[in-house]
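K.L.:
Following this message is one structure expressed as structure tokens.
The values are calculated or read from the model by the stated rules, or taken from the named source; none is laboratory data. Source: prediction; values computed, not measured. Cβ placement follows ideal geometry from the backbone for every residue including glycine, while neighbour counts extend to all protein chains displayed. The area values use the complete protein model at the heavy-atom level, side chains included, leaving out ligands, DNA and RNA. Shrake-Rupley method; radii C 1.70, N 1.55, O 1.52, S 1.80 Å.
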Protein chains: 2
Amino acid sequence: MNVTKREADKMQTVYLLSGPAGVGKSTTSQALARCLNNSAYVSGDYVSHMHVNGRQKPWESKLELSLIWNNILSLTRNFILNEIDVVVDYVTFPDEAYWLRDKLKDLTDNVVYTVLWVDPETLLKRDQLRLPEHQMGERCLILMEEFKQSGLKNNNLLDTSQKSPDDIQQVIEEIMNNKQYRLAD
Amino acid sequence: MNVTKREADKMQTVYLLSGPAGVGKSTTSQALARCLNNSAYVSGDYVSHMHVNGRQKPWESKLELSLIWNNILSLTRNFILNEIDVVVDYVTFPDEAYWLRDKLKDLTDNVVYTVLWVDPETLLKRDQLRLPEHQMGERCLILMEEFKQSGLKNNNLLDTSQKSPDDIQQVIEEIMNNKQYRLAD
């Protein structure tokens with residue numbers, strides 16, 4: 001879609017915050033949503049668990065994953081049509097980010113795709129600080145490996161290894177203002 | 001839409017569980033979703049609060065209410081297309097129930113609309129058993145009055161004044177099996 005800068009500025013923005021489990025997606029996404037004037041927060045995990053009985057694990061079932069993404073897409077479209085920016089908090093791989101961007105082309109060009117990253121040691125350390133029932137253990141590392149093999153571009157990565165929870169505002173401003181995370185046409 | 005019984009049987013069912021605050025909508029809806037083979041649970045309150053900043057109170061803003069219902073509709077359509085029954089847990093008035101039924105006509109004829117009801121004294125007693133921060137007080141009664149003035153038909157009412165929490169299975173079977181709650185064409 002070919003628009004002038006002025007038109008693009010008026011369009012809503014969709015922020016896809018991704019990354020392996022334990023990297024701080026939910027905290028960062030919720031804080032980002034609270035920083036925007038008119039915003040929605042869409043948790044992919046919550047949307048996924050709306051399917052109660054008969055649910056397959058989305059990493060084992062393409063049908064289940066497709067249902068989740070169609071639900072995220074529908075919600076995102078409705079919010080954009082109401083002039084609301086959307087923050088999607090989910091383990092989103094590049095293929096899924098590009099799919100969503102393409103499905104939103106008639107509504108907006110502004111899709112931001114940021115994959116939060118930390119070095120494996122920091123990730124495991126942070127994981128151990130969680131309540132035992134929330135600890136992911138080795139699965140954190142498996143997801144990291146999947147991201148590495150997903151064709152992810154460096155410019156969509158945001159390494160927070162050196163950041164503390166106090167730096168969250170800085171991380172959010174980076175996501176909002178640094179053009180490197182925007183998915184171009 | 002004109003279908004034979006066999007076709008209607010194969011269609012997914014959408015259950016709209018409604019009623020004033022404090023009547024047991026969430027508990028009953030979640031239990032109903034767990035009774036169905038392939039089911040989704042859609043909380044209208046959760047969907048409403050996906051809108052973080054800029055959100056208006058839906059009972060004061062037609063635009064906000066319309067956004068919520070469009071989101072519920074989109075999710076419900078996606079679930080039905082995946083052959084999943086849907087339980088919608090929300091304060092749904094008759095006009096909204098008929099609107100949803102009409103918007104789903106191309107997918108299913110099976111829309112069940114049940115408004116849970118208790119006498120005002122029981123409602124206030126149950127409300128006082130809640131944690132103080134969850135108590136609704138007088139607002140329970142205001143919602144009851146709104147339902148009374150909404151053109152609600154008696155056959156969509158399910159009075160649970162005489163039911164205890166142990167009777168929930170019986171209430172669920174009543175909702176699933178008693179045809180009086182189905183919204184006809």
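K.L.:
Can you tell me the dipole magnitude for the protein assembly as shown around its Cα centre, using point charges on the Cβ only (Lys, Arg +1; Asp, Glu -1), in Debye to the nearest 20?
P.N.:
In debye, rounded to 20, the protein assembly as shown gives about 420.
K.L.:
Counting other Cβ atoms within 10 Å of each Cβ, which GluC sites (Glu not before Pro) in segment A:77-154 have at most 15 and sit in a DSSP loop?
P.N.:
A:GLU83
K.L.:
Now a separate question. Rule-of-thumb check for the protein assembly as shown: C-alpha Rg over 2.2 N^0.38 Å?
P.N.:
Here the answer is 1.08, to two decimals.
K.L.:
Can you pull out the buried accessible area for chains B and A, both sides counted, probe 1.4 Å, rounded to the nearest 100 Å²?
P.N.:
2200
K.L.:
Sticking with this structure for a sec: Averaged over peptide B:38-51, how many Cβ atoms belonging to another chain are found within 10 Å of each residue's Cβ?
P.N.:
Average per residue, whole number: 4.
K.L.:
Using r as the Cβ-Cβ distance of B:GLU138 and A:GLN135, and R0 as 35 Å, what FRET efficiency do you calculate, to the nearest 0.05?
P.N.:
Plugging the Cβ-Cβ distance into 1/(1 + (r/R0)^6) gives 0.20.
K.L.:
Moving on to the next point. Ordered shortest first, which distances in nm separate the 7 Å Cα→C-beta label point of B:LYS62 from those of the other copies?
P.N.:
Copy-to-copy label distances at B:LYS62, shortest first: 4.6 nm.
K.L.:
Return the single residue from B:LEU63, B:LEU158, B:LEU75 with maximal mean-square fluctuation; model: Gaussian network over chain B, springs between Cα atoms under 10 Å.
P.N.:
Per the Cα network of chain B with a 10 Å cutoff, B:LEU63 tops the list.
K.L.:
Just tell me how shielded B:74-81 is by partners: mean number of partner chain Cβ atoms within 10 Å of each residue's Cβ, no decimals.
P.N.:
5
K.L.:
Any idea what diffusion coefficient chain B gets from Stokes-Einstein, in µm²/s, Kirkwood Rh on alpha carbon pairs, 37 °C, 0.692 mPa s?
P.N.:
D, rounded to a whole number, is 193 µm²/s.
K.L.:
While we're looking at this one, here's another question. Using a 10 angstrom cutoff on alpha carbons, build the Gaussian network for chain B and name the most mobile of B:VAL47, B:VAL87, B:VAL115.
P.N.:
Most flexible of the set in this elastic network: B:VAL47.
K.L.:
Quick check: at a probe of 1.4 Å, how many percent of the accessible area of segment B:5-181 sits on carbon and sulfur atoms?
P.N.:
48
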